[in-house]
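Data block below; observations after.
The values are calculated or read from the model by the stated rules, or taken from the named source; none is laboratory data. Bear in mind that the values here come from a model prediction, so they are computed numbers and not experimental data. Cβ: placed from backbone, ideal geometry, glycine included. Neighbour counts: every protein chain shown.
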Amino acid sequence: MKRAFLALSLAFIFAGTSFSQSSWTFDKTHTKIGFSVDYMLITDVTGYFKKFDGSVTTAKEDFVDALVSFTVDATTVDTDEPKRDEHLKGEDFFHTQKFPNFTFKSTSMKKVKGNNYKLVGNLTMRGVTKSVALDGTFGGVKKDPWGNTKAGFKMTGKVNRKDFGINWSKSLDGGGFVVGDDVTLNINVTLIKK
């Protein structure tokens, strides 16, 4: 009877330990949500979003099975050209008057090999939700000079803008279009442990 009680007690202790969660927020001064898209088949236009927020919750130090929630303020898009930014905010593209935010909620976070990861989740833009996959490189966890515990990831992926109802473009005389369909995401993330 004593052995059974001891085994049951240990099971509860280990269960409590394995389900202890840690919470992280985004270090906004060291995180950049960037993108690029083909322009006229000759180069890329790049941009980023100035305002965003989110959280990460994980029960494991290596972030396997982490839960990621993220919101981007689409009205803060910046491509270094104010007229283009205003066009992107309009109905042809993000339609920020009706859909001011993009949201992402993860469905899985898996280690592929070594420090390479695959993050899958639901991205919502213009009221349309699609599953997207991001490839990630985990930079590790370290303490900064002020005692904050930080973790870093570099994430990349592609989404087809037309999947989200962003269809605007103009055809070129020699073939092709002004704006490409595929948008490349380049996201550098620094997390701070709460």
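Going by what's in this entry, would Met155 be described as in contact (Cβ under 8 Å) with a residue 24 or more places away in the chain, under 18 Å from Gly54 (Cα atoms) and touching a Lys or Arg at 6+ places or on another chain (Cβ under 9 Å)? Considered against the rule, which asks whether it is in contact (Cβ under 8 Å) with a residue 24 or more places away in the chain, under 18 Å from Gly54 (Cα atoms) and touching a Lys or Arg at 6+ places or on another chain (Cβ under 9 Å), Met155 comes out as no. Could you go through region 164-175 and let me know if any residue there is under 12 Å from the mean Cα position of the chain (by Cα), over 23 Å from His30 (Cβ atoms), surrounded by 15 or more Cβ atoms within 10 Å (Cβ to Cβ) and not hydrophobic (A, V, I, L, M, F, W, C). Within region 164-175, not a single residue is under 12 Å from the mean Cα position of the chain (by Cα), over 23 Å from His30 (Cβ atoms), surrounded by 15 or more Cβ atoms within 10 Å (Cβ to Cβ) and not hydrophobic (A, V, I, L, M, F, W, C). Restricting region 102-126 to residues that are small (Gly, Ala, Ser) and more than 12 Å from the chain's Cα centre (by Cα) leaves a set whose member that is surrounded by the most Cβ atoms within 10 Å (Cβ to Cβ) is Ser108.
Would you check if Val77 is modelled with pLDDT of 95 or more, in contact with a Leu (Cβ under 7 Å, 6 or more places away or on another chain) and either crowded, with 16+ Cβ neighbours inside 10 Å or more than 26 Å from Gln21 (Cβ to Cβ) (or both)? Against the criterion (modelled with pLDDT of 95 or more, in contact with a Leu (Cβ under 7 Å, 6 or more places away or on another chain) and either crowded, with 16+ Cβ neighbours inside 10 Å or more than 26 Å from Gln21 (Cβ to Cβ) (or both)), Val77 qualifies. For Asp92, the criteria (1) among the acidic types (Asp, Glu); (2) more than 17 Å from Val189 (Cα to Cα); (3) out of contact with any Ser or Thr (no Cβ under 7 Å at 6 or more places or on another chain); (4) without any contact (Cβ under 8 Å) to a residue 40 or more places away in the chain hold in every case but one, which is (4). Scanning region 139-169 for residues that are assigned to a strand (DSSP E or B), in contact with an Asp or Glu (Cβ under 8 Å, 6 or more places away or on another chain) and either charged (D, E, K, R) or within 27 Å of Ala74 (Cα to Cα) (or both) turns up Lys150, Met155, Thr156, Gly157, Lys158, Val159, Asn160.
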